[in-house]
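Report on the structure given below.
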Amino acid sequence: MKASEQIGSIFLGLWLIFSGLIALLKISNNTLDAAIAVMALVAGVLFLMSRSHLKGRLSSFLLGIWLIGAGARPVVSVSFPLYSLIFGILAIVTGVLILIDQ
C-alpha cells in the first residue's frame, strides 16, 4: 500500500468514525460539518493519487470519486436532481467491489 493510500485510509477511517458519531449523537455545527467534508475530500484525492486503480483496483478509484463528491457537496453546495440516486448507486457498487477485492 502506497503512502498516499495509507494516509487516504486514515482520513477515510476518521471520516467514518466522526460521521457515525455525529449521526448517533445528533451533533452538528458548521465547523464540524466543514471538517468532515474536508476529511472526505482529502481521503478522496489521496485515493485517486494512489493510482492503485491503474493496477486493477477499480474500487479505490470509485471510492475516491465518491469521497470527493460527498465532501464537495456541503462545501460548495453542489446539487443536481439525480445526485442522491447516482451517489447511492456509486456507493453500492464501490462497496461491493471493495468486498470483492478483499
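All of the numbers you see were taken from the coordinates with simple rules; none came from a lab. The model shown is predicted, which means the values in this text are computed figures rather than measured ones. Counting neighbours? That spans all protein chains shown, and the Cβs are built from the backbone with ideal geometry, glycine included.
For the chain, averaging the sequence separation of C-alpha pairs within contact (under 8 Å, six or more residues apart) and dividing by the residue count gives a relative contact order of 27 percent. The peptide list 19-29, 59-69, put in order of mean Cβ contacts within 10 Å with the highest first, becomes 59-69, 19-29.
About its Cα centre, the chain has a charge dipole of approximately 140 debye under the convention of +1 per Lys or Arg Cβ and -1 per Asp or Glu Cβ, with nothing else charged. Kindly express, to the nearest 10 degrees and within the range 0 to 90, the angle between helix 83-101's C-alpha long axis and the longest C-alpha principal axis of the chain. Compared with the principal axis, the helix lies near 40 degrees. Projecting the Cα positions of Ser9, Phe87, Asn30 onto the charge dipole of the chain (unit charges on Cβ atoms of Lys, Arg, Asp and Glu, taken about the Cα centre) puts Ser9 furthest along the positive direction. Ranked by the mean number of other Cβ atoms within 10 Å per residue, highest first, peptides 87-96, 7-16 order as 7-16, 87-96. Each of Phe47, Phe18 was scored by other Cβ atoms within 10 Å of its Cβ. Listed from fewest to most, they are Phe18, Phe47. Could you list log10 I(q)/I(0) for the chain at q = 0.10, 0.12, 0.20 Å⁻¹, which the Debye formula gives when each Cα is one point scatterer? Per q value, in the given order, log10 I(q)/I(0) is -0.27, -0.39, -1.06.
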